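Written out below as structure tokens is the structure these notes cover.
The values are calculated or read from the model by the stated rules, or taken from the named source; none is laboratory data. Quick caveat: nothing in here was measured; it's all calculated off a predicted structure. Reconstructed Cβ throughout: ideal geometry from the backbone, glycine too, with neighbour counts over all protein chains shown.
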Amino acid sequence: MLETIIQGILLGGLYCIFALGLSLMFGVMRLTNIALGDQIIISGFIAIGMATVLGFNVLWIGLLLLPIAYISGFCFQGWVLNRTLSKDPLPSLVVTFGLSIVIQNTLQMVFGANPRSLDVGSLSTAGVELSPSLTVGVLPLIIFVSAIVCTFGLQWLFAHTAIGRSFRAVSDDREVAELMGLSAKRVFATATGLAFCLIALAGWFQGMRTTVSPSDGPSLLLFAFEAVIIGGMGSFWGTFLGAMVLGVTQQVGFHYDPGWGIWFGHLVFIVVLFIKPNGLFPKTKG
Amino acid sequence: MSGSPFKDDNKNKAGPNIMKPLSRRSFMKGVFAASAASAVSLKAPFVHASDTLRIGFISPQTGPLAVFAEPDDFTMMQIFQKIKNGVEIDGRRHDVEVIYKDSQSNPSRAATVTAELILKDGVDLVVASSTPATCNPVADQCELYGVPCITNDAPWQPYFFGRNGDPKTGFDWTFHFFWGLEDVVGSFSNLWQQIPTSKAIGTLWPNDEDGNAWGNSDRGFPPVLKQKGFEVIDRGRFQTPINDFSSFISEFRRNDVDIVTGVIAPPDFANFWNQAGQMGFQPKVVTVAKATEFPQAVRAFGERAEGLTVELMWSPSHPFKSSLTGQTARELANDYMATTSRPWTMPLGLKHALFEVAIDVLQRAGSKDPEVIRDAIKATKLDTIVGPVDFQNGPVPSVGKTPLVSGQWQKRGKDLDLVIVENSQAPMIPVEAELLPIQYKS
């Protein structure tokens, strides 16, 4: 059982990395990014493309990926998503949904339908022996630690910095924040840039731990979405814990019967929605 | 019947020209166009149009199954070269047209485009390929409208029983050629007996058409494996994709599993295989269908692909020749790699064979009459690039079987190559190498 829980927590780390970008965009702009999964996949492909063309080490690829992601997120929010923001959540949903289809087909056109992965050499199979019967992978551990660092970083950014304050301000009341001299659109663009960095990180990890192919995106969105909802909208530790809950429940399900794993995850999701519709640790309302 | 759609067509063409607001010049143009069109409409049904044979081709160009359609462009180009000057039938030239539609990897979309091909484009023959999700809905539509149809690249059981086929009578209009579960069960179980192991087999059979068929306790792998003295560690069906296989791996390790088999997609297998490495699980044989069938996908596994085994329905080493281009399997693969600069892939042979049969059928039929075409399909005896195709001697009516062997990814020079290591089900295909247990670096 100990092994199941530990593997579940590691799986939760992965889901947390997937979910943080979604949580951030929702927290600041009340915007649900349906294209999240596909953006993760496209980041994976860009990382793989850069690794093939430039021949850099995986670590350098990751560092290069972040500024690219930030700029594209900033521009995407500035030029596209800002025009869809209104009281009505539908336009942004439709736009990101459309983007999801565009990304899938563009990827297929450029890279073909074949799965690819980032070559990380022996790291992909390296394990640490915790006890004779319990070994865990190094890569899942790295992903888990990154999840904690990112969550902590985001929470600190929101609580203690000027950018964080502006994020909270426009999120709480856009009109008043603008009266105080903040440019809401600029703040939104910064938030999306940041969210895209998290998405790029997720894509980078996804490319290392398994393969990516153009149609993989939508299935990644589902778990990220569940983690955010279970944790409660707008709270990063909430998202982290939501991801842990999802990972551990799935793993416990798998332990009893492989058909139950994913189903257990969905069950917990529904139960949480039923008992606490705002999630376990909600920060924002509505 | 065949005359009327052409007349309608020409009315439409002439219409807009006449209806334009008239200046003198455009009036003249309009009359000219109208008369030109009507001249064509007089000639068309008798000389040209009725001789054009139309083939509708449905394939999953986009979506999760798109990897099956990778060779489509190349195959279409080859076919176009072959048919651009028409096909000679009984001394007369017939134009052949291929209309290519995308199923978007979606069965209901496949059915819709088939109906379009039949009703709008008036195709004489429908061909489709790649998994039951494409073949079944296409064949169902053709059966419904009474249009001859040939499909391949889906095991025959899901094709035949999935469409409620009656083993006594078969279908009226639809035909299929491929291997069946009995081949893959036979080939794999023989493969696994070639080297000494613990005889414990861990399985990864998901909850989908393939997983359920392979894991079926009456008709799938379990009864044959038990009879051959293997122990099957089957944890049951699971939903894919899943992000974590550690529960499978611990169970396999506890039961001293030496052989892993399954039928899962590349991302799932990559997950499983990486986690197996992380957790120190080292099976001697790993035979996972789907994930390692495509060379491009195998490249994604890097060094860790060496030693993996997989079922092989076509390879450059198959001793067969194309009836269309005269190329051997090796030549076809080299041509593909040179033209597209991609590695060869199994669907290449199957797509090619599909058109070999289609063109052969049309040549023998020499008519647009659906019943004549249907009878020509029934009488097919053709040596294709994937082996002999014959719908008379199949396991059930309407189905022809093509050979299946097993291959292993072995190092040849710098690269990995898929070599044939087992041929119990198809002795005409020679074995190229012995099965090697997977090597692990400590």
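Residue by residue, here is whether (1) under 28 Å from residue A:114 (Cα atoms); (2) in contact (Cβ under 8 Å) with a residue 24 or more places away in the chain; (3) in a loop (DSSP other than H, G, I, E, B) holds:
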{"residue": "B:81", "(1), (2), (3)": "yes, no, no"}
{"residue": "B:111", "(1), (2), (3)": "yes, yes, no"}
{"residue": "B:123", "(1), (2), (3)": "no, yes, yes"}
{"residue": "B:136", "(1), (2), (3)": "yes, yes, no"}
{"residue": "B:142", "(1), (2), (3)": "no, yes, no"}
Sole miss for residue A:200 among (1) hydrophobic (A, V, I, L, M, F, W, C); (2) modelled with pLDDT under 95; (3) surrounded by 23 or more Cβ atoms within 10 Å (Cβ to Cβ) is condition (2)
Looking across region B:177-198 at residues that are in contact (Cβ under 8 Å) with a residue 60 or more places away in the chain and not in a helix (DSSP H, G or I), the single one that is farthest from the chain's Cα centre (by Cα) is B:198
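Taking the condition outside any strand (DSSP E or B), under 30 Å from residue B:428 (Cα atoms) and within 24 Å of the chain's Cα centre (by Cα), does residue B:222 pass? Before the answer, list the steps.
Working: outside any strand (DSSP E or B): yes; under 30 Å from residue B:428 (Cα atoms): yes; within 24 Å of the chain's Cα centre (by Cα): no.
Considered against the rule, which asks whether it is outside any strand (DSSP E or B), under 30 Å from residue B:428 (Cα atoms) and within 24 Å of the chain's Cα centre (by Cα), residue B:222 comes out as no.
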When restricted to B:385, B:438, the only residue farther than 26 Å from residue B:167 by Cβ, in contact with a His (Cβ under 9 Å, 6 or more places away or on another chain), surrounded by 13 or more Cβ atoms within 10 Å (Cβ to Cβ) and in contact (Cβ under 8 Å) with a residue 12 or more places away in the chain is B:385
Within region A:47-65, of all residues that are of a type in the set (Val, Ile, Thr) and out of contact with any helix residue (DSSP H, G or I) (no Cβ under 6 Å at 6 or more places or on another chain), the one nearest to residue A:204 (Cα to Cα) is A:58
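For the condition more than 28 Å from residue B:334 (Cα to Cα) and touching a residue at least 40 places away in the same chain (Cβ under 8 Å), what is the one hit in B:411, B:401, B:378? Working first, answer last.
On the way: B:411 fails: more than 28 Å from residue B:334 (Cα to Cα); B:401 fails: more than 28 Å from residue B:334 (Cα to Cα).
Just one listed residue meets the conditions, B:378.
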Residue pairs within 6 Å by beta carbon, gap of at least six or interchain, first lying in region A:92-113 and within 14 Å of chain B (Cβ to nearest Cβ), second among the β-branched types (Val, Ile, Thr) and assigned to a helix (DSSP H, G or I), listed first then second, are A:103/A:42; A:113/B:67
Any residue at all in region A:207-216 that's closer than 30 Å to residue B:60 by Cβ, crowded, with 24+ Cβ neighbours inside 10 Å, among the aliphatic types (A, V, I, L, M) and touching a Phe, Trp or Tyr at 6+ places or on another chain (Cβ under 8 Å)?
yes
| message | Can you find a residue that is among the hydroxyl-bearing types (Ser, Thr, Tyr), surrounded by fewer than 23 Cβ atoms within 10 Å (Cβ to Cβ) and assigned to a helix (DSSP H, G or I) anywhere in region B:250-259? | response | yes
- Message: Looking at the structure I just gave you, is residue B:206 surrounded by fewer than 20 Cβ atoms within 10 Å (Cβ to Cβ), in contact (Cβ under 8 Å) with a residue 40 or more places away in the chain, more than 22 Å from residue B:422 (Cα to Cα) and not charged (D, E, K, R)?
- Response: no
Residue B:288 vs (1) assigned to a strand (DSSP E or B); (2) β-branched (Val, Ile, Thr); (3) over 22 Å from the mean Cα position of the chain (by Cα): all pass except (3)
Scanning region B:302-325 residue by residue, those crowded, with 20+ Cβ neighbours inside 10 Å, under 19 Å from the mean Cα position of the chain (by Cα) and not in a loop (DSSP other than H, G, I, E, B) turn out to be B:310, B:311, B:312
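Quick check on my filter: what residues within region B:263-274 are more than 20 Å from the chain's Cα centre (by Cα) and small (Gly, Ala, Ser)? Please lay out each step first, then the result.
Looking only at region B:263-274, we keep the residues that are more than 20 Å from the chain's Cα centre (by Cα), and these are B:267-274.
Answer for region B:263-274, where residues must be more than 20 Å from the chain's Cα centre (by Cα) and small (Gly, Ala, Ser): just B:270.
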